[in-house]
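J.: Structure provided below as structure tokens; questions to follow.
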Amino acid sequence: MTFSPVAAPRAPRLVSALRRAALSLGLFAAARLTGLLLLCLWAEHIGRSPRQLLTQTWDSTWYTRIAEQGYGHTLHFTDGAVHSDLAFFPLYPGLVRAVTTVLPIGGGTAALLISWAAAAVAAFGIHLLGERLHGRTTATVLVLLWGLLPHAVVFSIAYTEPLLTAFAAFSLYAVLTGRWLWAGSLAALAGLARPNGVAIAAAVCVAAGYELWKRRAHAPWRLWAGAAVAPLGWGGYLLWVGVRTGDPLSGYFAVQRGWRSRFDFGIDALRNVRDIVVRPAELATTATALIVGVALLLFALLVVDRESRPPLPVLVYTGVLLLITAGGGGFFESKPRFLLPAFPLLLPLACALAKARPRAAIVVIAALAGLSCCYGTYLLTLAPVPL
């Protein structure tokens, strides 16, 4: 496998790129607006507040609290669990605080605006990357598939996955076009958005290392700088939490253990799968096992299929995200959400649908749209497990 970002042609102007991505963005917006409309109608039907569902679902309340009051909130439970807000990375609540400082709106509204804007930017970045790898048609299908994932409802609520995906998509695009400083800076911002933002830092560093190995003494300083900057966001926040907790090297991981979240090489996930087999389980739990299983199969296909196989940094980014998700313990039903930024997993399906007969492609996409809208509504209004 070879890839040479420095030899890549110059990126098109923003207006031209937006024009080419207009269909992708329109389809993505239509998919998410349809899902949002169904969610709001069902919420009203069962007597729930749509606004509350969008702005105060699970982790959303933690982010808005951090934005309003800063860090320092901790919950202690009788079973020994300790939930500290230090588990949540600072970029998203920082942006919420900045927006509420400038605009006369509340934290929940600001959080939604940021999430929706980030989702649109992420869709644009995914289109640019897909277009570069496989052409405009495949890029359009790729963006639409991303907007129709079973957990795509997360793009419509006050969560951080859209923000991470936006930085990751443009960082990968910057790597493939030889813009190493941009790649490293965007990766650093991704690392400040979510814990699994380390995946894009790993991708940039591996890609830079590969280029350094090929060029040796002829590598430009921007290549070195991009690789050095990429992990600073993620590593900087972990160090800050460590210093604040009195344990610089492992303080953050102690915080995560308080949430019963840890990396156990998939042992906890396998236990959950075993429980699904031997006793009745919630729909969201069973769906989680299926989604993670499909993700593993898609990654295997992504690696072995020469037609859809992306360059090295895209593979590394996707592989690290999948490793963190499959190998992590705790909050089993959240794993599909953790995989939302792993949009390259959809490349094999996007390539296949782009070449399929229009009628067959429409049937598949319509089925995915129905599943996404209905399942997303279930997750926010009926599912008894954390999103």
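J.: Picking from SER250, LEU176, PRO220, whose Cα lies most toward the positive end of the charge dipole for segment 171-262 (charges on Cβ: Lys, Arg +1; Asp, Glu -1)?
T.: The residue sitting farthest along the positive end of the dipole is LEU176.
J.: Between ILE46 and TRP224, how high is the FRET efficiency from 1/(1 + (r/R0)^6) when r is the Cβ-Cβ distance and R₀ = 56 Å? Nearest 0.05.
T.: Given R0 = 56 Å and the Cβ-Cβ separation, E is 0.50.
J.: Could you check the simple spin-label distance between VAL303 and ARG359, using points 7 Å along Cα→Cβ, in nm with one decimal?
T.: For VAL303 paired with ARG359, the spin-label model returns 3.8 nm.
J.: Next question. Rounded to whole Å, give me the distance from the Cα center of segment 115-181 to that of segment 224-274.
T.: One Cα centre to the other: 25 Å.
J.: Okay, moving on. From the phi angles alone, apply the Karplus equation (6.51, -1.76, 1.60; θ = phi - 60°) to segment 351-366 and give each ³J(HN,Hα) in whole Hz, x where the residue is Gly or Pro.
T.: 3J(HN,Hα) across segment 351-366, in whole Hz: 4, 5, 5, 5, 9, 6, 5, x, 5, 5, 5, 5, 4, 4, 5, 5.
J.: For SER84, enumerate residues with amide H under 5 Å from its amide H, sequence gap 5+ or separate chain, H modeled in the peptide plane.
T.: Answer set, sorted by chain and number: LEU75.
J.: Would you please classify the overall shape of the chain from the alpha carbon gyration tensor, given that a ≥ b ≥ c denote the square roots of the eigenvalues, rounded means a/c under 1.5, and beyond that prolate means a/b larger than b/c while oblate covers the rest?
T.: Numbers: a/c = 1.39, a/b = 1.12, b/c = 1.24.
In terms of gyration-tensor shape, rounded.
J.: For a test of the definition: using alpha carbon positions, the gyration tensor, and the 1.5 limit on a/c, classify segment 99-221 as rounded, prolate or oblate. Spell out each step's value before the answer.
T.: Values: a/c = 2.55, a/b = 1.54, b/c = 1.65.
Oblate shape, in that a/c is at least 1.5 and b/c is the bigger or equal ratio.
J.: Tell me the label-point distance for the pair LEU113, ARG279, using the 7 Å Cα-to-Cβ offset, in nm and rounded to one decimal.
T.: Once both label points are built, they end up 4.7 nm from each other.
J.: Also, quick follow-up: So how strong a dipole does the chain carry about its Cα centre when Lys and Arg Cβ are +1 and Asp and Glu Cβ are -1, to the nearest 20 debye? Each step should come with its number before you reach the end.
T.: On the way: 31 positive and 16 negative charges, 240 e Å.
The calculated dipole for the chain is roughly 1160 debye.
J.: Quick check on packing: order 180-186, 354-360, 92-98 by the mean number of other C-beta atoms within 10 Å, highest mean leading.
T.: Details: 180-186: 24.3, 354-360: 11.4, 92-98: 20.9.
Highest to lowest by the protection proxy: 180-186, 92-98, 354-360.
J.: A further question on this structure: For segment 130-139, take each phi angle, set θ = phi - 60°, evaluate the Karplus expression 6.51 cos²θ - 1.76 cosθ + 1.60, and give the result in whole Hz per residue in order, putting x for glycine and proline.
T.: Per-residue couplings from phi come out as x, 5, 5, 7, 9, x, 5, 4, 5, 4 Hz.
J.: Quick check on segment 224-305: take the gyration tensor over C-alpha atoms, sort the square-rooted eigenvalues as a ≥ b ≥ c, and tell me if it's rounded (a/c under 1.5), prolate or oblate. Provide the component values of the computation, followed by the final result.
T.: Numbers: a/c = 3.71, a/b = 1.49, b/c = 2.50.
Oblate.
J.: Please list 315-327, 63-75 highest first by mean number of surrounding beta-carbon atoms within 10 Å per residue. It would help to have the intermediate numbers written out before the result.
T.: Details: 315-327: 21.4, 63-75: 16.4.
In descending order of packing, they fall as 315-327, 63-75.
J.: Also, quick follow-up: Once you list every other residue whose beta carbon is under 14 Å from the beta carbon of GLY328, what net charge do they have if Lys and Arg are +1 and Asp and Glu are -1? Intermediate results must be reported in sequence, preceding the final value.
T.: On the way: positive: ARG194, ARG257, ARG260, ARG262, ARG271, LYS335, ARG337; negative: ASP264, ASP268, GLU333.
Net local charge, GLY328 excluded: +4.
J.: Additional query: Can you give me the relative contact order of segment 5-381 as a percent, contacts being Cα pairs under 8 Å and 6 or more apart? Before the final figure, lay out each step's value.
T.: Details: 568 pairs, mean separation 81.0, N = 377.
Reported relative contact order: 21 percent.
J.: What's the FRET efficiency of ALA366 with ALA254 using the Cβ-Cβ distance as r and R₀ = 56 Å, to the nearest 0.05? Write down the numbers at each step before the final one.
T.: Numbers: r = 47 Å, r/R0 = 0.85.
According to the calculation, E is roughly 0.75.
J.: Something else now. What value, in deg cm²/dmol to 500, does the helix sum -39500 (n - 2.57) over DSSP H runs of n ≥ 4 give at 222 nm once divided by the residues of the chain? Walk me through the numbers before you get to the answer.
T.: Numbers: 19 runs with 266 residues, N = 387.
Calculated at 222 nm, the ellipticity per residue is -22000 deg cm²/dmol.
J.: Could I ask something else about it? Rank the residues HIS127, HIS134 as a footprinting-exposure proxy: fewest other Cβ atoms within 10 Å of their Cβ go first. Can you show the working numbers first?
T.: On the way: HIS127 29, HIS134 19.
Listed from fewest to most nearby Cβ atoms, that is HIS134, HIS127.
J.: Follow-up question, since we're still on this one. Quick one: which residues, 5+ away or cross-chain, put their amide H under 5 Å from the amide H of PHE263? H built at 1.01 Å from N.
T.: GLY329
J.: Full-extension gain between THR245 and CYS374, please, as 0.36 nm times their residue separation minus the C-alpha to C-alpha distance.
T.: Working: separation 129, 0.36 × 129 = 46.44 nm, distance 4.24 nm.
This chain segment gains 42.2 nm when fully extended.
J.: Going by average Cβ density within 10 Å per residue, which order do the peptides 188-198, 233-243 take, highest to lowest? Intermediate results must be reported in sequence, preceding the final value.
T.: Working: 188-198: 25.0, 233-243: 18.9.
The peptides rank, most packed first, as 188-198, 233-243.
Since every read-out is calculated from the coordinates, none of them should be taken as a lab result. In this text the structure is predicted, and so the values were computed from the model without any measurement. All Cβ positions, glycine included, derive from the backbone under ideal geometry; neighbour counts span all protein chains shown.
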